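Read the structure below first, then the notes.
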Amino acid sequence: MLTKISAIAIKSFALLVVFGTAYQAVAQAAIPYAKMAPVDQYLMTDQSEEIALARSAAPDSISRDADVQVLGRHGFETAVKGKNGFVCIVGRGWTSAADADFWNPKVRVPMCVNAAAAHSYLVRLAKETEWGLAGRTQAQMTESVKAAIAQKESPPMESGAMCYMLSKQGYGGDSSPHWPPHLMFFYSDTNPAIWGANLPGSPVVAMSDPVEHLTSFVVPVQRWSDGTEGR
């Protein structure tokens, strides 16, 4: 079975190795989330809490004027209309966690994408979230992603697409609960060598997802969105 390397792109083994937050015992043990939980467990009952969590992905100077989407029973819905082109959401396990946490209802990953990513990357993520809520398995999700790209229903990455992931309040899943603050940049099928990624001493990490034809560059940064020191 083909598994996704990253739909929010910091997923899977590459992220766990790079940031050193994996618990090897999890990978060796039986998957604790073998099937989908009731939909209510993936939703947040307090919309204002989800809005605040989504906004924590980026500095206030960005997130306060961003659109904010919250998760409903069938997908993301706009809760706040912004004015700067950014869109903040809280990703769930189907798109934003390591494969072992695909069905983990505790996953909450704040992210704030710019306009270019909203027109491309977020379109893909939103569709995959709808599929996750509908109960599609990892294997079914992979096939759906491949079909959507083949039929040109999923757009290529728009030039300049990027994402802030600077929240210290999120939860990335049992296998990688707390990610360091970082920025992400999205390209369609790009050679990581153009950024000098994955080389000794380079701060840039790149991951290529052959299923999504997506290359994601990860750049760790020093501070969380609230200005405090990261790790």
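The values are calculated or read from the model by the stated rules, or taken from the named source; none is laboratory data. Only a predicted model underlies this, so the values are computations on that prediction, with no experimental measurement involved. We place every Cβ from the backbone using ideal geometry, glycine too, and count neighbours over all the protein chains shown. Note: accessible area is taken over every heavy atom of the protein model, side chains too, but ligands, DNA and RNA are not part of it. Shrake-Rupley method; radii C 1.70, N 1.55, O 1.52, S 1.80 Å.
Accessible area of the chain with a 1.4 Å probe: how many percent of it is carbon plus sulfur? Kindly include the intermediate steps, with their values, before the conclusion.
Details: 5750 of 10440 Å².
Within the chain, the accessible surface is 55 percent carbon and sulfur.
What accessible area per residue, rounded to a whole number of Å², is obtained for the chain using a probe radius of 1.4 Å? List each step's numbers first, then the result.
Working: 10440 Å² over 231 residues.
Dividing the accessible area of the chain by its residue count gives 45 Å².
Quick one: grab the alpha carbon gyration tensor of region 107-216, order the square roots of its eigenvalues as a ≥ b ≥ c, and give me rounded if a/c is under 1.5, else prolate or oblate depending on whether a/b is larger than b/c. Walk me through the numbers before you get to the answer.
On the way: a/c = 1.60, a/b = 1.17, b/c = 1.37.
Oblate shape, in that a/c is at least 1.5 and b/c is the bigger or equal ratio.
By residue number, which cysteines of the chain lack any other Cys whose Cβ falls under 4.7 Å from their Cβ?
Cys with no partner Cβ under 4.7 Å: C163.
What is the local net charge at L214, summed over the other residues whose Cβ is closer than 9 Å to its Cβ (Lys, Arg +1; Asp, Glu -1)?
Numbers: positive: R124; negative: D189, D209, E212.
Net charge in that neighbourhood comes out at -2.
Among M162, V80, A98, whose Cα projects farthest towards the positive end of the dipole of region 77-190, with charges put on the beta-carbon of Lys, Arg (+1) and Asp, Glu (-1)?
V80
Would you compute the Debye intensity of the chain from its alpha-carbon atoms alone, equal scatterers and no solvent, and pass along log10 I(q)/I(0) at q = 0.10, 0.12, 0.14, 0.17 Å⁻¹ to two decimals?
Normalising to I(0) and taking log10 leaves -0.40, -0.59, -0.84, -1.32.
Taking the Cβ of Y187 as the centre, find all other residues whose Cβ is under 12 Å away and add up their charges (Lys, Arg: +1; Asp, Glu: -1).
The answer is -4.
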